[in-house]
1. Contact list please: Cβ distance under 8 Å, first residue in region 5-30 and free of Cβ contacts under 8 Å to residues at least 40 places away in the same chain and closer than 15 Å to Pro65 by Cβ, second residue not in a helix (DSSP H, G or I) and not basic (Lys, Arg), pairs at least six apart or on different chains.
2. Considering only residues of region 233-269 that are at pLDDT below 90 and surrounded by 11 or more Cβ atoms within 10 Å (Cβ to Cβ), which is nearest to Ser145 (Cα to Cα)?
3. For region 210-232, give me each residue that is of a type in the set (Val, Ile, Thr) and surrounded by 18 or more Cβ atoms within 10 Å (Cβ to Cβ).
4. Residues that are within 17 Å of Ser118 (Cα to Cα), at least 3 per element: which strands (runs of 3 or more DSSP E) completely within region 167-269 meet that?
5. Mind checking which residues of region 139-183 are in contact with a strand residue (DSSP E or B) (Cβ under 7 Å, 6 or more places away or on another chain), among the hydroxyl-bearing types (Ser, Thr, Tyr) and modelled with pLDDT of 85 or more?
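The values are calculated or read from the model by the stated rules, or taken from the named source; none is laboratory data. Just so you know, these numbers come straight off a predicted model, no measurement behind them. Quick reminder, even Gly has a Cβ in these numbers, built from the backbone with ideal geometry, and neighbours come from all protein chains shown.
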Amino acid sequence: MRQYFPSNLKHLCSHYRSISDVCNRLKIHRGQFNRYLAGTSFPTSFNQKRICDFFGVEAHEIALPTDQFLQLISSRTPRPTLAMITAPQRAVEHLRQCSSSRLQDLVGHYHEYAYSISHQGRILCSLVSVKELDGHIVYERVEPSASRSNGSDRTSCYRYEGVAYYLGDRLFLIDYESLATSEINQTILIPSFKTRNARLNGLKMGVTACDHRVPVCSRVVWSSLGTKACGPEAFRKVREYRDDDQELDSDLKARLAKAQIIDGLFRII
């Protein structure tokens, strides 16, 4: 079946500006690629997969007789290929593929506690919902606005949307404010291997809401609420607290306090 590979590959390359352009995109040496086109060499399994992924075809398809192959691809609805994906999209897909399957354990609802970026000495409680969507682990974070935190009856909130990855035994989360899209936040959490992520410790970085937009970093704790839909009680707790508020238990306060600057680095201790 390899006899048809060169002609089918030539046809796929004809849709691009030049053979050199294809080689540059594939990161395959031009001389080696020319041997594929001439039929004097056949790609390794690794390179064959790269070529097929790039053009959006399967390995068994590119080995079909050329007339069948041309009929197949001419009748097929175009689908995204690596050649059509931008560099940022490739980076996201790479991170998704490298992310540990343990990330599934993060799915559920959480209260996020962190020192308020905008109000000194206050602890902010947000509601985070993590789910799987289109093969990615994504989340929404609902954070109370200043008006609600100050005791007003208004219940307006900021909403953040983000994506999560599990790399090297750490959880990496990045989100943006979905309305104004004026900020990006990053959170790194340390997963628990003893329990099902009852409480997760970590650090969170963002910017203040004031005009100065000062970059800041805070200790953060995620407290699990389970996987079932959240009720009114979960939303009631979404507000700002004084750091001595009795509603905050001693374990939570201790976790938020375990950080200090060591050798110029803000670390969890």
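1. Filtered contacts from region 5-30: Pro6/Gly39.
2. Here the answer is Asp243.
3. Within region 210-232, Val220, Val221 qualify.
4. So the answer is 184-190, 199-207, 215-226, 240-242.
5. The answer is Tyr139, Tyr158, Tyr160, Tyr165, Tyr176, Ser178.
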